[in-house]
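Values quoted throughout were computed directly from the atomic coordinates according to the rules given, and no laboratory measurement underlies them. Predicted model only: the values in this text are computed from it and were never measured. Cβ placement follows ideal geometry from the backbone for every residue including glycine, while neighbour counts extend to all protein chains displayed.
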Amino acid sequence: MKTINEPAREIKVRADVDVLVVGGGPAGIMAAEAAARDGKLKVMLIESRGYLGGNLTIGLPILAYLGPKGNQVVKGSAEKFYQRLRARNAASEHKPCKLHMSLTIIDPDEAKTVAWQMLDEAGVEVLMYVFATDAIVEDGRIKGVIIESKAGREAILAKTVIDCTGDGDVAFRAGVECHKGDEKGGMQPPTLMYCLKGVDVQRLRDAITEEPEKFDMDVMPHEQFRKGKFITVGLRGRINEARKAGIDIPVDRTILITGLADDEIWVNMTRVNGVDPTDPSSYTRGEHDARKQIYSVTEYLRRFVPGFEKAYMVRSAAFTGIRESRVIVGKYVFTAEDILQGRHFDDAIAVGGYPVDIHHAEGGDCTMIFCDDAYQIPYGTLVPANVEGLLVAGRCSSMNHEAMAATRVMSTCMALGEAAGTAARIALEDGVDPSKVDVKRVQKALLENGAYLG
Ligand SMILES: Cc1cc2nc3c(=O)[nH]c(=O)nc-3n(C[C@H](O)[C@H](O)[C@H](O)COP(=O)(O)OP(=O)(O)OC[C@H]3O[C@@H](n4cnc5c(N)ncnc54)[C@H](O)[C@@H]3O)c2cc1C
């Protein structure tokens with residue numbers, strides 16, 4: 001590989017804060033709000049895009065506010081975020097679902113607004129359009145990050161950094177050990193979400209409820225589709241028919257999500273295998289291929305799925321969504337066994353209710369492994385094994401491939417974010433490293449904010 005030498009140079013320190021949150025997705029929003037909550041700390045959140053929300057903005061429902069037993073297992077700030085959306089008529093109820101535990105439809109644009117409102121009220125300084133490119137580490141302790149923007153290369157110094165980039169960008173640059181994917185490095189594929197209008201949702205509902213053999217659903221009983229919002233996962237037979245008719249479809253299951261408007265469906269069916277989101281060439285190929293797939297998937301829906309005859313595309317997500325990327329190795333690596341055995345953790349800081357849901361790295365199918373009940377997630381998953389002053393929350397926390405396939409849903413990521421922000425705040429108040437924080441104090445603060453810890 002050709003390389004050049006970049007000369008050392010002096011760069012400007014743009015800010016010096018108590019807590020710096022990198023990444024404004026579900027985890028980052030909650031982390032920043034929790035860190036700033038009592039108004040004593042200077043908290044900054046930086047985001048590479050021009051809006052907050054990360055994957056909350058790409059047309060996805062928030063899954064698993066409810067757990068397998070039907071009780072609500074994600075509360076606290078994540079529930080407060082939902083209540084704000086609800087007050088703006090921008091969210092559905094938390095609807096129970098056999099496959100997803102629960103689904104909560106949200107308006108992706110209102111999510112951006114509500115996130116910013118929450119951070120404004122908490123006093124968080126938000127800086128957009130900056131990309132964290134490196135970590136400043138001295139003697140095994142993070143001191144801040146290097147950012148790049150139209151203003152050039154600058155530094156932001158911080159007593160504590162919370163990496164909520166989804167890709168563990170800061171942790172990786174700080175020298176934290178990271179992993180990607182399964183034992184062969186295979187990662188769950190990305191998807192470009194898009195939205196169709198002009199859908200006769202009642203016709204689709206009727207087809208599933210009246211002819212369940214022809215319009216088959218995975219796991220979900222057809223009664224679930226009689227009323228309210230829904231997600232289809234199935235119609236495998238329809239896909240087989242369409243493939244016989246020569247339509248190229250990248251997935252084996254038809255995943256359709258009702259929007260808030262009556263004739264709106266969000267389509268979760270593009271899929272590009274083999275994409276590494278940390279390599280821009282690979283991610284670009286993902287964007288390119290996924291965009292082309294929109295047209296064959298829509299042809300399939302129009303010709304083979306009732307209700308889509310007059311459907312037309314109104315928007316696609318601003319970016320192809322990443323299901324899986326780097327995860328860190330933390331003080332504790334959370335596993336599928338922890339989930340399936342419902343292991344108890346004295347240092348539990350969040351509870352997840354979503355099953356293990358692995359979109360295969362190859363082919364077009366998925367494996368789901370259901371758990372009997374919700375599961376606790378320990379604090380050690382947020383704490384890197386070897387760098388002080390750093391916490392990592394969201395889909396890049398310390399999980400193995402299978403566990404991450406469960407904890408990656410946005411409700412759980414929000415709960416992890418709130419826990420990280422709370423721990424950062426309490427550690428600074430007590431003058432200790434986040435790795436040495438009194439977890440009982442963190443748990444008490446989380447419970448006081450309405451969180452559920454099992
Ligand atoms: C196609 C798809 C379907 C899914 N379906 C569902 C579903 O139905 N329901 C559900 O609940 N979950 C679903 N998920 C999972 C869920 O969306 C994600 O796992 C979750 O959003 C992760 O949250 P996060 O905050 O960790 O990361 P993200 O949502 O990825 O947010 C990370 C943020 O950090 C910013 N960022 C990244 N790097 C940098 C950097 N270096 N500097 C500055 N900013 C940076 C990004 O711009 C982004 O805003 C799905 C995911 C995908 C991709």
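Some values worked out for this structure:
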quantity	calculated
Nearest-20 debye value, the chain charge dipole, Cβ charges on Lys, Arg, Asp, Glu	760 debye
Options 67, 321, 108, ranked by Cα towards positive dipole end of the chain, top entry (Cβ charges)	108
Compactness of region 194-316, expressed as Rg and Dmax over alpha-carbon positions, Å	14.8, 46
Estimated 222 nm signal from helices in the chain, with DSSP H stretches of n ≥ 4 weighted -39500 (n - 2.57), rounded to 500	-9000 deg cm²/dmol
Relative exposure of 271, 303, judged by other C-beta atoms within 10 Å (fewest first)	303, 271
Given charges at beta-carbon only (K, R positive; D, E negative), |dipole| of region 194-316 in Debye	200 debye
Span-like helix ranges in the chain, DSSP H, alpha carbon extent 18 angstrom or more, Kyte mean at least 0.5	410-430
Residues 77, 435 arranged by fewest to most Cβ contacts within 10 Å	435, 77
Sequence-distant aspartates and glutamates (8 or more away, or on other chains) whose Cα lies within less than 13 Å of residue 197	262, 263, 264, 309
Distance histogram for the chain (every C-alpha pair counted, 20 angstrom bins, percent rounded to whole numbers)	26, 57, 16, 0
Backbone HN-Hα couplings from phi across region 175-187 [Karplus 6.51/-1.76/1.60, Hz, Gly and Pro as x]	x, 6, 5, 10, 10, 9, x, 7, 4, 9, x, x, 10
Sorted by Cβ neighbour density within 10 Å, fewest at the top, the residues 116, 266	116, 266
